[in-house]
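Trainee: Dropping the structure in here first, questions after.
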Amino acid sequence: MDFLSELRSRLRTALTSFTDSPASYVEMLKPSQDGKFGDFQANCAMPLAKQNKQAPRDVASALIEKLDVADLCDPPEIAGPGFINLRLKTVRLANETARLMLDERLGVAEVESARTYIVDFSSPNVAKPMHVGHLRSTVIGNALCRILRFLGHRVLSDNHVGDWGTQFGMIIYGYKNFRNEAAYQKEPVAELARLYRLVNQLSDYHEFVANLPKQREKLPISEAALVAARQAAAANPSDKNAPRLVKKSEQELSDLKGAIAAAEKKCQSIEEDPALKALADAHPKIGELARRETAKLHLGDIENKQLWDAFVPKCMLALESMYKRFGITFDMALGESWYNPMLAGIVEELKSKNFAVISEGATCVFVEGNDAPFIVQKADGAFTYATTDLATIRYRVDTLHADACLYVVDSRQSEHFQLLFATAKKIGYDNTEFRHVSFGTVLGEDRRPYKTRSGDTIGLESLLDEAIQNARKIVDENSSHLSETERANVSVLVGMGAIIYVDLHHNRDSDYVFSWEKMLATSGDTATYIQYAYARVCGILRKGDVDVKGLRSAGHAILLDTPAERTLALQLNRFSNALGDVAVDYRPNLLTQYLFETANCFASFYNECPVLNAEPAALRTSRLLLCDATARVLKQGLDLLGIGVADQM
Ligand code: ARG
């Protein structure tokens with residue numbers, strides 16, 4: 001049973017005689033940090049007392065008078081300045097735990113009013129190699145879909161692949177000019193990725209060469225600005241603003257120097273390679289020409305459309321094999337191109353209803369409070385990422401009847417989504433929840449975006465292979481009793497689990513530093529630890545030769561006489577609450593946290609309470625049932641995150 005929700009609802013009723021707006025006070029009822037203070041603690045008497053100018057302990061006792069929890073709790077106690085401590089009746093906790101054990105869904109009820117969610121996640125730009133940034137979207141989005149679905153919502157997962165962007169111009173240009181036919185026949189996607197990188201590199205080169213003189217000219221100006229700022233600061237020590245201006249000038253100078261150094265390095269890498277240099281010289285207008293190929297594609301050029309038709313399915317196939325490793329299937333993968341026929345209509349409508357105006361030749365929506373325009377058609381006539389996303393909203397709301405649209409996308413796109421959602425509201429989509437479920441960057445040990453040693457972004461496939469290889473070492477060390485095949489299978493679960501879990505257990509808004517060692521640790525907040533905990537429970541049940549199914553249905557009593565048993569039972573009953581918490585603000589880390597705590601509760605329980613040797617028989621049975629329920633909760637919880645388990649590790 002979800003005791004927290006039940007107690008909160010009882011508290012809400014009690015609060016009606018104290019306040020007209022109980023919501024924030026109700027939230028103050030929380031699980032206790034320390035068993036000494038009962039199982040739950042309500043801290044609302046203090047602020048209520050302040051508001052009504054009364055003594056907090058008096059308010060607490062008046063509140064207790066009204067609080068009808070006699071069926072659930074021992075008599076409430078008041079502690080300190082006016083904390084209300086609630087301790088569940090042990091019999092009640094035991095009975096509810098026994099009920100949870102009989103329930104397929106482990107006490108997690110389906111929501112009363114199901115919503116239709118569209119979850120837009122993964123959504124890589126095809127034909128560019130997918131990288132570790134897309135990993136976060138893939139993993140977080142998948143977990144959210146699974147959890148929302150389990151809670152009873154209708155969920156449509158949509159891989160909104162970027163299959164219509166400027167990368168196609170580059171690939172088409174590369175294909176026409178630099179293709180290695182044999183390589184393309186053998187491994188088309190790898191060859192397309194090579195072509196993309198090559199064209200990108202060559203066009204960057206020309207851009208850098210053209211821009212470097214201008215940047216170098218700025219250098220003395222920027223240096224002089226810094227000198228001036230420093231002088232001003234020295235001359236006027238009381239000016240509070242001066243140090244800030246010095247800092248700003250320092251930053252600008254260092255950014256400029258950094259940009260010049262990076263551009264020089266890139267130019268050098270071309271100039272030192274005679275073959276590349278020859279290619280660059282032979283294609284001086286490559287950037288412009290690649291953009292023209294994109295424009296031709298968008299205007300329906302037959303040759304380019306045929307190439308696009310040939311490339312996309314190959315790229316999608318490669319993506320599929322990656323998703324398969326994660327066990328992910330999408331309900332839809334319409335992609336940006338699918339919305340192409342609707343874009344002109346969207347812009348026309350925005351214009352005719354005066355939502356959009358022409359500014360410097362471009363068609364833009366201006367949103368109150370934002371200086372940046374939301375450009376829906378560029379001066380050259382091209383539609384944008386923004387236009388596609390508006391068309392996508394129209395389809396998702398009008399046709400798919402979405403109640404909520406989640407976009408699991410890098411936080412660097414937050415301005416885009418802010419403008420998108422504001423525009424959607426403006427044009428009348430104001431009954432739908434739009435959420436940018438944003439996330440931070442994966443960093444290397446140097447705290448810069450995670451790269452390989454050679455400086456390339458890391459391909460996802462090789463990352464997964466490496467995870468499994470590293471997992472193999474852990475499994476060999478810890479599971480030497482398993483056969484070769486078993487260890488190989490377990491390594492896949494451990495490696496994939498580590499990658500998924502490490503991503504989910506961080507607050508999604510934060511950047512995090514990628515570390516193999518930490519993510520595969522067998523103790524600590526890792527999938528490996530929880531997977532081993534699960535296998536340990538299975539081991540106990542196996543060793544005792546226990547018929548768990550029979551035991552579950554026999555209606556045995558659950559005995560919670562020791563604190564460790566009680567704590568574990570309470571924790572198992574919180575499963576439903578943890579899942580509900582995830583759905584509030586789309587934060588899977590609240591589930592990883594719950595599972596980690598559950599594994600910890602189990603470890604304490606197992607330390608303190610003999611199971612197979614427990615006597616009398618009723619106690620042994622009760623403890624076996626607690627073990628079994630723990631295993632089921634851990635397995636179900638990990639499964640909702642997209643992580644598998646093995647009975648033997
Ligand atoms: N393709 C984009 C990228 O890789 C992400 C798309 C996210 N979804 C959306 N509806 N904008 O950056």
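The values are calculated or read from the model by the stated rules, or taken from the named source; none is laboratory data. These figures come from a predicted structure and were not determined experimentally. Here Cβ is always computed from backbone atoms with ideal geometry, including for glycine, and neighbour counts include all displayed protein chains. These area figures cover heavy atoms from the full protein model, side chains too; ligands, DNA and RNA do not enter into them. Shrake-Rupley method; radii C 1.70, N 1.55, O 1.52, S 1.80 Å.
Trainee: Using only Cα atoms and rounding to the nearest 10 degrees, what angle (0 to 90) does helix 188-235 make with the longest principal axis of the chain?
Mentor: 90 degrees
Trainee: Efficiency by 1/(1 + (r/R0)^6): what FRET value for Phe178 and Glu349, r their Cβ-Cβ distance, R0 = 56 Å, to the nearest 0.05?
Mentor: After rounding, the FRET efficiency stands at 0.85.
Trainee: Please sort 282-293, 323-334 by packing, taking for each peptide the average over its residues of neighbouring beta carbons within 10 angstrom, highest first.
Mentor: 282-293, 323-334
Trainee: Okay, which of the stretch 122-147 sit inside 15 Å, backbone N to the point 7 Å along the Cα-Cβ direction of Glu461?
Mentor: 127-132
Trainee: Here is a follow-up. Could you work out how far apart the two model spin labels at Thr16 and Arg149 are, taking each label as a point 7 Å from the Cα in the direction of the beta carbon, and quote it in nm?
Mentor: 4.0 nm
Trainee: Along the Cα→Cβ direction, 7 angstrom out, place labels at Arg447 and Ser32. What is the inter-label distance in nm?
Mentor: In this crude label model, Arg447 to Ser32 measures out at 4.1 nm.
Trainee: Rank Asp380, Asp465, Asp204 by accessible area, highest first, at a 1.4 Å probe radius?
Mentor: Final ranking, largest accessible area leading: Asp380, Asp465, Asp204.
Trainee: Let me ask something else about it. With a 1.4 Å probe and all protein chains left in place, how much of the accessible area of the chain comes from carbon and sulfur atoms, in whole percent?
Mentor: 51 percent
Trainee: Still on this structure: For the peptides 230-241, 501-512, what is the packing order when you average, over each peptide's residues, the other Cβ atoms within 10 Å and list the highest mean first?
Mentor: Order by mean packing, descending: 501-512, 230-241.
Trainee: While we're here: From the phi of every residue in the stretch 346-352, what ³J(HN,Hα) in whole Hz does the Karplus formula 6.51 cos²θ - 1.76 cosθ + 1.60 yield, where θ is phi - 60° and glycine or proline is x?
Mentor: Per-residue couplings from phi come out as 4, 5, 4, 5, 4, 5, 5 Hz.
Trainee: What distance in nm lies between label points placed 7 Å from Cα along the C-beta direction at Asp380 and Ser483?
Mentor: Between Asp380 and Ser483, the label points sit 6.2 nm apart.
Trainee: Need the list of lysines near Lys218 for cross-linking: C-alpha distance under 30 angstrom, and skip anything on the same chain fewer than eight residues off.
Mentor: Candidates past the 8-residue exclusion: Lys240, Lys247, Lys248, Lys257, Lys265, Lys266, Lys277, Lys285, Lys378.
Trainee: Could you work out how far the C-alpha centroid of the stretch 597-649 sits from that of the stretch 91-114, in angstrom?
Mentor: The stretch 597-649 and the stretch 91-114 have Cα centres spaced 17 Å from each other.
Trainee: Efficiency by 1/(1 + (r/R0)^6): what FRET value for Ala282 and Glu104, r their Cβ-Cβ distance, R0 = 51 Å, to the nearest 0.05?
Mentor: Once rounded, the FRET efficiency stands at 0.15.
Trainee: Any idea of the accessible area per residue across the chain, 1.4 Å probe, to the nearest Å²?
Mentor: About 48 Å² of surface per residue is accessible.
Trainee: Ignoring ligands, DNA and RNA, how do Glu349, Glu217 rank by accessible area with a 1.4 Å probe, largest first?
Mentor: Sorted descending by solvent-accessible area, the residues read Glu217, Glu349.
Trainee: Given a Förster distance of 56 angstrom, what is the FRET efficiency for Asp509 paired with Asn613, based on the Cβ-Cβ distance and rounded to 0.05?
Mentor: My answer for the efficiency is 0.75.
Trainee: Can I ask one more? Roughly how tilted is helix 563-572, in degrees to the nearest 10 and between 0 and 90, from the longest Cα axis of the chain?
Mentor: 50 degrees
Trainee: List the residues whose amide H sits under 5 Å from the amide H of Ser157, counting only those 5 or more places along or on another chain, with H placed 1.01 Å from N in the peptide plane.
Mentor: Residues meeting the amide H criterion: Val119, Asp331, Met332.
Trainee: So what is the relative contact order for the stretch 496-564, in percent, with contacts set as C-alpha pairs under 8 Å and at least six apart?
Mentor: It rounds to 23 percent for the stretch 496-564.
Trainee: Hey, what angle do you get for helix 460-478 against the long axis of the chain, alpha-carbon based, 0 to 90 degrees rounded to 10?
Mentor: 40 degrees
Trainee: Can I ask one more? Just reorder Glu112, Glu65, Glu252 by solvent-accessible area, largest first, 1.4 Å probe, all chains present.
Mentor: So the residues, ranked largest to smallest area, are Glu112, Glu65, Glu252.
Trainee: Show me the ranking of peptides 589-601, 513-525 by mean Cβ neighbours inside 10 Å, starting with the highest.
Mentor: By packing density, highest mean first, the sequence is 589-601, 513-525.
Trainee: Something else now. Where the centre of each part is set by its Cα atoms, how far does the stretch 302-368 sit from the stretch 37-55, in angstrom?
Mentor: 54 Å
Trainee: Also, I was wondering about something else. Can you give me the relative contact order of the stretch 1-118 as a percent, contacts being Cα pairs under 8 Å and 6 or more apart?
Mentor: Here the relative contact order equals 24 percent.
Trainee: Right, another one. Please work out how much length the chain gains when fully extended from Ala79 to Arg435, using 0.36 nm per residue of separation minus the C-alpha to C-alpha distance, in nm with one decimal.
Mentor: Taking Ala79 through Arg435 to full extension adds about 124.1 nm, to one decimal.
Trainee: Express the relative contact order of the stretch 310-417 as a whole percentage, based on alpha carbon pairs under 8 Å and six or more residues apart in sequence.
Mentor: 17 percent
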